[in-house]
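Following: one structure in structure tokens, then a few remarks.
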Amino acid sequence: MTQPRVAELIELLKLDRLEDNLFRGQSRDIGTRYVFGGQVLGQALSAAQQTVDPARPAHSLHAYFLRAGDVEAPIVYHVDRARDGHSFSVRRVEAIQHGQPILNCAVSFQAVEDGFEHQTSMPEVPKPDDLEPAKSLPQAELAKLPPKLQRWLSTDGPFEYRFVWPRDELHPAKRPPYQHIWFRLAQKIDATPAQHRALLAYASDYHLIGTALLPHGVSYLTPNLQMASLDHALWFHRPFRVDDWLLYACESPTAQGARGLVRGQMFDLSGKLVASTAQEGLLRLRNTG
């Protein structure tokens with residue numbers, strides 16, 4: 001039997017087809033102030049994939065977040081079939097809510113073919129079974145947070161995590177700008193490769209931009225911190241399953257001008273590099289004095 005949170009996420013990424021190139025997705029309130037960016041990424045990719053031959057899997061996605069999404073309203077996705085060539089197809093997707101675009105993205109697809117092969121090595125880190133599950137905040141500390149944030153932090157999500165270097169988000173210490181996190185869907189699923197790609201797009205927005213905060217001793221729970229994703233890039237390299245453990249190796253090479261850049265690599269248990277990410281985000285600590 002599928003766990004409720006996993007079933008809910010899979011349903012969230014399916015979308016209703018309104019016309020050949022027009023889709024509608026529901027929004028899920030996970031306790032964040034606005035629609036979670038990963039939801040819009042996953043739904044946009046799902047919409048694009050439904051307009052391309054499954055024999056051409058997606059290999060890259062490049063997106064810009066334009067406006068914050070309303071968790072109380074559905075999102076309409078318009079797909080522009082920009083190109084269908086001999087080997088590649090390109091789709092442009094616009095996510096629309098309340099008559100305004102909230103995300104623009106381009107997705108490229110390629111017919112499967114052989115070619116040169118090499119990859120960087122996976123970092124040497126403990127395996128997920130050798131690490132403790134992520135711990136919830138103590139109830140006394142949880143009660144001090146805003147109700148919406150309490151709901152997010154106290155609810156079991158569709159993914160489980162193992163942090164190589166766990167961090168106290170309430171009392172964050174300064175540390176180097178990189179982190180390694182094992183994650184997987186909380187239950188095995190019967191899904192197509194396209195569904196696994198949409199699920200990975202959803203998960204790729206978790207923990208990524210927060211890596212840029214690590215050297216500064218602040219976290220997403222720090223009062224007066226404004227943090228938002230500005231853009232997101234995702235490349236799919238090799239086959240994978242999101243219900244198997246994947247290592248998310250994130251590093252932030254720079255932060256400046258109220259923006260931080262983060263790059264990520266995802267490896268499976270055998271050490272294969274299956275996907276890469278990059279994201280720039282807004283990081284602004286408001287002065288209330």
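The values are calculated or read from the model by the stated rules, or taken from the named source; none is laboratory data. Worth saying up front: this structure is predicted, and the values here are computed from it rather than measured. Using ideal geometry, Cβ is built from the backbone for each residue, glycine included, and neighbour counts are taken over all protein chains shown.
Step by step: first the residues of the range 224-241, then only those that are without any contact (Cβ under 8 Å) to a residue 60 or more places away in the chain and either touching a Gly at 6+ places or on another chain (Cβ under 9 Å) or buried (at least 18 other Cβ atoms within 10 Å of the Cβ) (or both), then the one that is nearest to Met266 (Cα to Cα). Which residue is that?
The residue in question is Phe240.
Among the residues of the range 91-129, count how many are closer than 21 Å to Gly264 by Cβ, assigned to a strand (DSSP E or B) and among the β-branched types (Val, Ile, Thr).
Total meeting the criteria: 1.
Looking at the range 9-37, which of its residues are assigned to a helix (DSSP H, G or I) and among the small types (Gly, Ala, Ser)?
Gly37
Return a yes/no flag: does the range 57-78 have any residue that is within 25 Å of Tyr206 (Cβ to Cβ) and assigned to a helix (DSSP H, G or I).
No, the range 57-78 has no match at all.
Return yes when Ala63 is of a type in the set (A, V, I, L, M) and touching a strand residue (DSSP E or B) at 6+ places or on another chain (Cβ under 8 Å) and no when it is not. Reasoning before the result, please.
Working: of a type in the set (A, V, I, L, M): yes; touching a strand residue (DSSP E or B) at 6+ places or on another chain (Cβ under 8 Å): yes.
Against the criterion (of a type in the set (A, V, I, L, M) and touching a strand residue (DSSP E or B) at 6+ places or on another chain (Cβ under 8 Å)), Ala63 qualifies.
Condition first: at positive phi and at pLDDT below 95. Can you find one or more residues in the range 172-195 that meet it?
no
Report, by residue number, each residue of the range 242-260 that is out of contact with any helix residue (DSSP H, G or I) (no Cβ under 7 Å at 6 or more places or on another chain), closer than 27 Å to Asp168 by Cβ and without any contact (Cβ under 8 Å) to a residue 60 or more places away in the chain.
Correct list: Thr254, Gln256, Ala258, Arg259.
Output the residues belonging to the range 38-56 that are outside any helix (DSSP H, G or I), within 20 Å of Gly25 (Cα to Cα) and in contact with a Ser or Thr (Cβ under 8 Å, 6 or more places away or on another chain).
To start, the set of residues in the range 38-56 that are outside any helix (DSSP H, G or I) comprises 50-56.
Okay, now just the ones that are also within 20 Å of Gly25 (Cα to Cα), so 50-52.
The one that is outside any helix (DSSP H, G or I), within 20 Å of Gly25 (Cα to Cα) and in contact with a Ser or Thr (Cβ under 8 Å, 6 or more places away or on another chain): Val52.
For the range 252-270, which residues satisfy the criterion of being of a type outside the set (S, T, N, Q), under 28 Å from Val6 (Cα atoms) and in contact with a strand residue (DSSP E or B) (Cβ under 6 Å, 6 or more places away or on another chain)?
Correct list: Val262, Arg263, Gly264, Met266, Phe267, Asp268.
If you check Asp205, Asp129, which single one turns out to be of a type in the set (Asp, Glu), buried (at least 17 other Cβ atoms within 10 Å of the Cβ) and modelled with pLDDT of 95 or more?
That would be Asp205, the only listed residue that is of a type in the set (Asp, Glu), buried (at least 17 other Cβ atoms within 10 Å of the Cβ) and modelled with pLDDT of 95 or more.
State the number of residues belonging to the range 221-280 that are of a type in the set (A, V, I, L, M), at pLDDT 95 or above and in a strand (DSSP E or B).
Here the count works out to 14.
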